[in-house]
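Contents: one structure, followed by commentary.
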Amino acid sequence: MNKKPLLTPLLRIFLVAMILANIGGQMFYPLQALYLKQLGADVEQIGLFFTLLMIVPIASQIFGGWVSDRIGRLRAMAIGSLIGVVGNVSMLLAPDWKWLLAAESFGAITGAFIAPSFDAFIAEQSDEENRGKVFATSQAIFQIVSVAGPILGGFAARSYGFFFVLLVSAILYVIATAIRISLALKHPKKSGPAAVEAQSLGGSLKAIGLMALAGGVVTWLIISDGARDIAMGFSGNLIPLFLQEAKGFDTAGIGSLESLFGLAMMLMMIPAGHFSDRFGERKAIALGYFGAFLAFMALIFIPGQPAAFLAYGAFGCTIGLITPAYQSLISKTFPDNLRGTAFGLLSTSNGIVSLPAPFLGALMWKSFGPTSPFLITAFMMLFIIIPVWLKFRPPEGGAAAPRPADASNAN
C-alpha cells in the first residue's frame, strides 16, 4: 500500500486557512496585556482577566472535541470559525477591559472546536511511523504566524494603535473562515481515510476515563500537562509587562522578541520531529523542559535586552522540541475515534487545575516583585522532567481503546 505524502494536498489547504486565521491573532495576543493596561486595567485586574478568560474553554473543550469526532474535523472547524468571526468583531467594539473580556470569552468557544480538531486532523493525515515528522512539518509551517504576526503587530500597534491591529485580525479571520467552510462542504463527513464513527459523548469519556485511571501514559500526560499549564499560567500572560517595565522594551521591541521566539520554534520543529521519531518522544520532551528552565532563568537573572533576546530564542527552541513530540505521543496513545475528545479533555483538565494561576501570578508580582511568578514557572519546568522521563512511553502496538462496531471510512 502506498504511503501518504508527508503533507497531503488537503492538509496544505488546511494549513493555509490556519495561518490566515491565526496571523492576525498573533499580531495582537502577545501584546494583549499592554492593551488591557491601555484600557485601564492594573496588574491585578490583568491577572483576573486571564483567569476568567479560561472558564469558557474549560466548559466547552470536551464537547468541541467530541463534536469533532462525531461530525468530522473540517465541519467542527467551520462551526468554530463562524463563532470566531462574531468574537473578532465584538473585540473591535470594546470600550474597556470588561467588554473585551466578554467578547473574548464568546470568541473562546472557537478554540474549543478548532484546537482538538487541528491535532486530530494532522494525525489522520499521516502514517504512524512518520507522525512526528508530519506534526513537526505542519507545526513548522503554521509557526509562520508566530514569526510574522508579533513583529507586524508590534510595529502596527506603535504606529497606528491597537484598533488597527484588531481590524486586520478580523479581516484575515473572515477570509480563513470562508476557506474552512469551503473545505467542510467539499469533505462533508470526515477529514481523513483513518477516521471512524465516533462513540457517544458518554462512551468516549468513559473510554478515556478508564485509560486515565490505569496509571499508564495517559495518566501521566494529564498530570504533567496540568503542571505545565499551571507553570505557564503564573507568568505567561505577564511577560509583556515584565519586558516593558523590567527590560525597557516598547511594543515594537516586544513584537520582535515574540517573532524571534516563533522563528526559533519553527526552525527547531522539523529536526525535533526527526529526533522524536528516532529516539522517542520522552527524550525530546525531557530535553525541552530542561531547556525551558534555563531560558526562564536567563530571562530573570541576566540583565539587559540582549539577554532577553537570547532567552526568547532559547525558549522558542525548547517549545519547538517539545511540541511535535507531545502531539505524536498523544496521537499514538489514543485511537482515531477518540482523538478529538482526548485533545479536548487534556486541554480541559489542564485548564481546571491552572484556572487560578494567572490571578495568583499577578498577586505574587504585587506582593513579592515581578520576578517571583517567573521563578515558580522555571522550577516547575524542571520538576516536570521527572514524570516525563519515567512514564512517557507509548503503548506497544499503538492505541488500544475500545472502538465502535460500526466503523466507517471517510472520503
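Would you check if Ile62 is under 17 Å from Thr110 (Cα atoms) and assigned to a helix (DSSP H, G or I)?
Numbers: under 17 Å from Thr110 (Cα atoms): yes; assigned to a helix (DSSP H, G or I): yes.
Here the answer is yes, as Ile62 does meet what is asked.
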> Among the residues of the range 356-411, which ones are part of a loop (DSSP other than H, G, I, E, B) and at pLDDT 90 or above?
Replying inline: Gly369, Pro370, Thr371
>> Could you go through the range 97-110 and let me know if any residue there is farther than 21 Å from Ile46 by Cα, assigned to a helix (DSSP H, G or I), of a type outside the set (A, V, I, L, M, F, W, C) and touching a Ser or Thr at 6+ places or on another chain (Cβ under 9 Å).
In response: yes
> Here are Pro271, Pro306, Pro324: which of them is crowded, with 18+ Cβ neighbours inside 10 Å, modelled with pLDDT under 95 and out of contact with any Lys or Arg (no Cβ under 7 Å at 6 or more places or on another chain)?
Replying inline: Pro324
> Within the range 4-16, which residues are surrounded by 16 or more Cβ atoms within 10 Å (Cβ to Cβ) and either under 16 Å from the mean Cα position of the chain (by Cα) or free of Cβ contacts under 8 Å to residues at least 12 places away in the same chain (or both)?
Replying inline: Leu15
> What tally of residues in the range 82-113 results from selecting those that are surrounded by 19 or more Cβ atoms within 10 Å (Cβ to Cβ) and charged (D, E, K, R)?
Replying inline: 1
> Within the range 22-59, how many residues turn out to be part of a loop (DSSP other than H, G, I, E, B) and at pLDDT 85 or above?
Replying inline: 4
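Go through Leu185, Leu205 for me and flag whichever is modelled with pLDDT under 80, in a helix (DSSP H, G or I) and under 18 Å from Phe113 (Cα atoms). Give the steps one after another, and end with the answer.
Working: Leu185 fails: modelled with pLDDT under 80.
Answer to the selection: Leu205.
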>> Filter the range 225-252 down to the residues that are crowded, with 20+ Cβ neighbours inside 10 Å and either basic (Lys, Arg) or touching a Gly at 6+ places or on another chain (Cβ under 8 Å) (or both) and list them by number.
In response: Arg228, Asp229, Gly233, Phe234, Ser235, Asn237, Leu238, Leu243, Thr251
> Given (1) within 27 Å of Phe135 (Cα to Cα); (2) under 19 Å from the mean Cα position of the chain (by Cα), where does Arg70 come up short, assuming only one miss?
Replying inline: (2)
>> Give me the residue from the range 231-280 that is acidic (Asp, Glu) and in a helix (DSSP H, G or I) and, out of that set, farthest from Arg393 (Cα to Cα).
In response: Glu245
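The values are calculated or read from the model by the stated rules, or taken from the named source; none is laboratory data. From a predicted model like this one, the values you see are computed outputs, not experimental measurements. Please note: Cβ atoms are built from the backbone with ideal geometry, for glycine as well, and neighbour counts cover all protein chains shown.
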